[in-house]
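Following: one structure in structure tokens, then a few remarks.
The values are calculated or read from the model by the stated rules, or taken from the named source; none is laboratory data. As the structure is a computational prediction, the values presented were derived from the model and not from experiment. All Cβ positions, even for glycine, are placed from backbone atoms using ideal geometry, and neighbour counts span all protein chains on display.
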Amino acid sequence: MKEYLLVTSVGLLAQGFFSLRMLHQWIKTERAKKIISPALFWVFSICGAYLLMIYGWLRNDFAIILGQFISYYVYLWNLKANGIWQKCALPVRVVLLVTPPAAAVSLALSGADVAQTLFKNPDIPLPLLVFGCASQALFTLRFVYQWWYSSRHHVSVLPMGFWVISLTGSLLICLYAVLRLDIVLILGQSLGLAAYARNIVIGLRSERASSPSQRRSR
């Protein structure tokens with residue numbers, strides 16, 4: 001029982017950091033009346049991702065760990081772009097860099113069945129599993145897009161495309177959750193859905209407001 005509570009607490013704390021990043025970003029954006037990419041967004045992101053890695057390791061769940069791999073290193077890139085990574089002590093940077101592959105290797109060496117974890121769930125029909133995986137993949141790719149856009153412009157930003165992909169992926173995940181009757185997954189996406197939609201609205205308003213001044217300056 002104590003072990004279950006510990007594992008569950010780690011998972012809930014990870015989700016708490018993810019919720020904090022969205023709430024913090026949302027508040028900053030509302031105040032500025034334009035989309036903001038605050039440094040704390042990435043600090044909360046890496047904290048949540050790191051704890052989720054530990055949660056996946058404690059649960060012997062490859063899917064959780066692999067689901068974080070891409071976005072985890074995008075978070076690190078954004079920490080560097082915001083000047084935070086350089087301020088971290090060397091041991092902290094080493095730990096952050098090696099934890100994901102170390103967790104995956106540890107599970108593999110312990111004999112965990114990757115195929116069983118990822119693809120063989122008797123409670124989920126294969127077509128629904130494929131749909132859920134595709135939805136999660138799209139949701140994760142939002143950070144690939146964010147990294148690509150930010151690296152091209154040499155600044156850490158959350159562009160409009162990031163929020164469009166986020167909203168689309170989140171809606172698909174919610175549909176998957178409805179089909180699976182998973183209320184926890186639905187509740188987990190609730191704050192995100194509102195934040196994604198609101199950022200799109202604020203971003204469009206900001207673009208419309210800046211267009212006249214841009215035309216006058218030409």
Residue in segment 196-214 that is at pLDDT 80 or above, assigned to a helix (DSSP H, G or I), surrounded by 15 or more Cβ atoms within 10 Å (Cβ to Cβ) and out of contact with any helix residue (DSSP H, G or I) (no Cβ under 7 Å at 6 or more places or on another chain) present: yes
Residues satisfying the stated conditions in segment 52-65, i.e. surrounded by fewer than 18 Cβ atoms within 10 Å (Cβ to Cβ) and either in a helix (DSSP H, G or I) or among the acidic types (Asp, Glu) (or both): Leu58, Asp61, Ala63
Residue match in segment 28-38 (condition: part of a helix (DSSP H, G or I), modelled with pLDDT of 90 or more and among the hydrophobic types (A, V, I, L, M, F, W, C)): yes
For Thr140: the one exception among (1) more than 20 Å from Gln68 (Cβ to Cβ); (2) in contact with a Ser or Thr (Cβ under 7 Å, 6 or more places away or on another chain): (1)
Filtered residue count, segment 14-51, keeping only those that are among the aliphatic types (A, V, I, L, M) and surrounded by 17 or more Cβ atoms within 10 Å (Cβ to Cβ): 9
Residue that is more than 17 Å from the chain's Cα centre (by Cα) and assigned to a helix (DSSP H, G or I), where the choices are Val98, Val74: Val98
Members of segment 122-136 found to be surrounded by 14 or more Cβ atoms within 10 Å (Cβ to Cβ) and part of a helix (DSSP H, G or I), listed by number: Leu128, Leu129, Phe131, Gly132, Cys133, Ser135, Gln136
Single unsatisfied condition, Ser9 versus (1) more than 24 Å from Leu109 (Cα to Cα); (2) touching a residue at least 24 places away in the same chain (Cβ under 8 Å): (2)
Leading residue by the ranking (surrounded by the most Cβ atoms within 10 Å (Cβ to Cβ)) among those in segment 66-87 that are within 16 Å of Ala14 (Cα to Cα) and touching a residue at least 60 places away in the same chain (Cβ under 8 Å): Tyr75
Of residues in segment 87-115 being in contact with a Leu (Cβ under 8 Å, 6 or more places away or on another chain) and within 17 Å of Ile70 (Cβ to Cβ), the one modelled with the lowest pLDDT: Ala104
